[in-house]
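Right, one structure below, let's go through it.
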Amino acid sequence: MPTSVGVFVAAASAFAGRRGAAPPSMTTALTPATLGIDFGTSNSAAAYRLPGKTASLLPLEGAATGMPTALFFNTEEHSTHFGRDAMQQYLAGEEGRLMRSLKSLLGSSLLLEKTAVHEQLVSYQDIIAIFLKRVADQARRALDGRLPERVVLGRPVHFVDEHPQRDRQAQDALAAAARAAGLGEVSFQLEPIAAALDYEQRLSEEQLVLVVDIGGGTSDFTVVRLGPQQAGHADRTQDILATTGVHIGGTDFDHRLNVAQVMPLLGYKHIGPSGREVPSSVFFDLSTWHLIQWLYTAKALASARGLKSDYSDQQLHQRLMKVLDWREGHRLADAVEQAKIAASQSHAPSAIALDWLEQDLPAAISPEVLQEQLQALLLQVVECAQDCVRQAGVAAPDAIYLTGGSSALRTLRDALRVAFPDVPQVEGDLFGGVATGLAYA
């Protein structure tokens, strides 16, 4: 692991309570070309920059610069698929296994658990390496066959909240996966700092900016002084005023909506013949992207079948078993995510597509549901943003810079407007901004 401490991120590391290896310094005219990789919970991207030049995003899937962080292992053809192709294979009903939100396993004891892939036992860390190798291969193809020696990976302020040892283990595991993917000894940069570097490229005057980076698994914030004059400085320590983060993101929003709007149709909160509720653990796991595949083991399926006697309404149990036996948990989670996005964008109710499970199931997400179900989570996210501003010792920022796919959620933006009235919100490249900033790191 690299141990050199970069001047731009040293202050951010201290604010975040980091331990051990720190992210690298900013690129200067003397540093080599840089490849920045944003390995995200839901989406990933990569960007390349020559010294003194503008960073550019690289195509990772066809012409698309962003790629869903998803793998599908086709068991019939013994083939591995990535990104949109992985999701299409799964949704088309191909035999195999879909894996998403693998970043959420970093810092977890599940990371080194072994699972069968193409008749071999591999760990989930190995699967992360497989995905990173795909990113590296696509980047190499876009760069005429060669990768730069300098590779910078993004990382959240906290992989694991309030647990420095597990946080360090998570970064070490990601570094090991990167080495296994052929990326060499990578450096790390905090994702909100990378987003700040991306935003700085478009500024014509100095601003004090609150960077709000809401990804699939984490929400990260930094208050930083940015501008064309600051961009020319080698030492940026004094420009970073505070950095905070909380382990809440888009997959947590999806989980909450799934539990509230869909799981009751499968038996969640259902009262059985004994007068007690059906045990709830299966519903929570089925609503959590990175835990869904664990419900397809023989032991988990037998346990779910054993719940039959806990149901007064057997149709609810039949729906549950249909989802599990047909391995449709990710399809269900995707339907919830798409309805969430549609309801946020249209500011109108959006049906959850469940016709494949049963015709005319009454499941939908409305703006009112978003407000009601996500209120507690959004409160924690906004409180973390406010804490960042308090730590910075300023009354309010000049602007809020939004990046990360989940920052598009209208309910979140409304909550930020209440917390920071009269502060303009600036939308960045939601899926590519961090990767671009990493190339400047």
Cα Rg over Rh - segment 138-288, Kirkwood:
1.13
How much of the DSSP beta bridge set in the chain is antiparallel, as a percent to the nearest 5?
70 percent
Suppose we flag trypsin sites (Lys or Arg not before Pro) only when DSSP calls them loop and at most 15 other Cβ atoms lie within 10 Å. Which is the longest uninterrupted stretch of the chain?
277-441
Round to the nearest 0.05 the FRET efficiency obtained for Ala298 and Asp414 when R0 = 56 Å and r is the Cβ-Cβ distance.
0.75
Give me the base-10 log of I(q)/I(0) for segment 251-372 at each q in 0.11, 0.18 Å⁻¹, Debye formula, one uniform scatterer per Cα, rounded to two decimals.
-0.35, -0.91
Per DSSP, the loop-located chymotrypsin sites (Phe, Trp or Tyr not before Pro) within segment 292-334 having at most 13 other beta carbons within 10 Å are Trp326
Only helices counted: for the chain, with every DSSP H run of 4 or more residues adding -39500 (n - 2.57) and the sum spread over all residues, [θ] at 222 nm is -12000 deg cm²/dmol
Run the reach check for Lys322 against aspartates and glutamates, Cα to Cα strictly under 18 Å, same-chain hits fewer than 8 apart removed. What comes back?
Glu94, Glu95, Asp285, Asp310, Asp313, Asp334, Asp355, Glu358, Asp360
Alpha-carbon centroids, segment 213-292 and segment 376-390: separation in whole Å
13 Å
Compute the signed sum of charges (Lys and Arg +1, Asp and Glu -1) over the other residues within less than 11 Å, Cβ to Cβ, of Ile271.
-1
Largest first, how would Ile271, Ile352 line up by accessible area (1.4 Å probe)?
Ile271, Ile352
Looking only at GluC sites (Glu not before Pro) in DSSP loops with at most 15 other Cβ atoms within 10 Å, what is the longest site-free stretch of the chain?
207-357
Of (i) 105, 45, 40; (ii) 98, 44, 42; (iii) 69, 50, 39, which one was derived for Cα extents along the principal axes in Å from the structure shown?
(iii)
Structure shown: which of Lys133/Lys269; Lys53/Lys114; Lys269/Lys340; Lys133/Lys308; Lys53/Lys340; Lys103/Lys299 lie over 32 Å apart, alpha-carbon to alpha-carbon?
Lys133/Lys269; Lys53/Lys114; Lys133/Lys308; Lys53/Lys340
Can you give me the convex hull volume of the Cα atoms of segment 31-184, divided per residue and expressed in Å³?
119 Å³
Computing the accessible area with a 1.4 Å probe over protein heavy atoms, can you report the carbon and sulfur percentage for the chain?
49 percent
Run the quick spin-label model on Glu76 and Met321: label points 7 Å from Cα toward the beta carbon, then report their separation in nm to one decimal.
2.6 nm
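The values are calculated or read from the model by the stated rules, or taken from the named source; none is laboratory data. Note that the coordinates shown come from a computational prediction; the quantities given were computed from them, not determined experimentally. Counting neighbours? That spans all protein chains shown, and the Cβs are built from the backbone with ideal geometry, glycine included. Calculation scope for accessible area: heavy atoms of the full protein, side chains included, ligands and nucleic acids excluded. Shrake-Rupley method; radii C 1.70, N 1.55, O 1.52, S 1.80 Å.
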